[in-house]
Amino acid sequence: GAKWLIDHKLPEHLRPHPKERKKKKGPPKSFKENLAILKSSRKIGNLTLMVMGYGVSHRLFEFAWKGELRRLFPSALEYQTVLSNVSIATGSVSIILMLTGRVIFQRFGWGTAAAATPAVMLAMGGSFFLLSLVGLSMPAS
């Protein structure tokens, strides 16, 4: 097939050459060594905490949010419709932010851009949980 054509008919200077793999520099680091690296740099430690905190809060929020959706939309079709609409909205916002991300970094700086995700997560998650608690304490009509 295609490999035979490349190997036998394509001139040598046009043939793709396999990339040389870089050799590993020693054995992999242990957990203690990696932890020491995280402790040695305040910025790396803070970024690690931020990423871990985001992951945990994202999972908790997603679990609670989907549970609330199941309560509001008990039919599988309605539930899937809402989830697909949310996926479309999320994709659209992601594309817009990818296109405007450069401007955000240039105008507001790295710190503000990095703080945007936790701030939005706190505002939206807090609002959701507050409204969920208010909704649970109200009598059903």
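Annotations
- Residue that is open to solvent by less than 80 Å² (accessible area, probe 1.4 Å), in contact with a helix residue (DSSP H, G or I) (Cβ under 9 Å, 6 or more places away or on another chain) and either over 30 Å from Ser127 (Cα atoms) or in a helix (DSSP H, G or I) (or both), where the choices are Gly26, Gly45, Gly55, Gly67: Gly45
- Filter result for Gly91 (farther than 26 Å from Ala64 by Cα and loosely packed, with under 11 Cβ neighbours inside 10 Å): no
- If you go through region 43-75 and keep only what is of a type in the set (A, V, I, L, M, F, W, C) and more than 21 Å from Leu133 (Cβ to Cβ), you end up with Ile44, Leu47, Leu49, Met50, Val51, Met52.
The values are calculated or read from the model by the stated rules, or taken from the named source; none is laboratory data. The structure presented is a predicted model; accordingly, all values stated were derived computationally and were not measured. Here the Cβ is made from the backbone with ideal geometry for all residues, glycine too, and neighbour counts use every protein chain on show. Areas reflect the complete protein model, heavy atoms only, side chains present, ligands, DNA and RNA absent. Shrake-Rupley method; radii C 1.70, N 1.55, O 1.52, S 1.80 Å.
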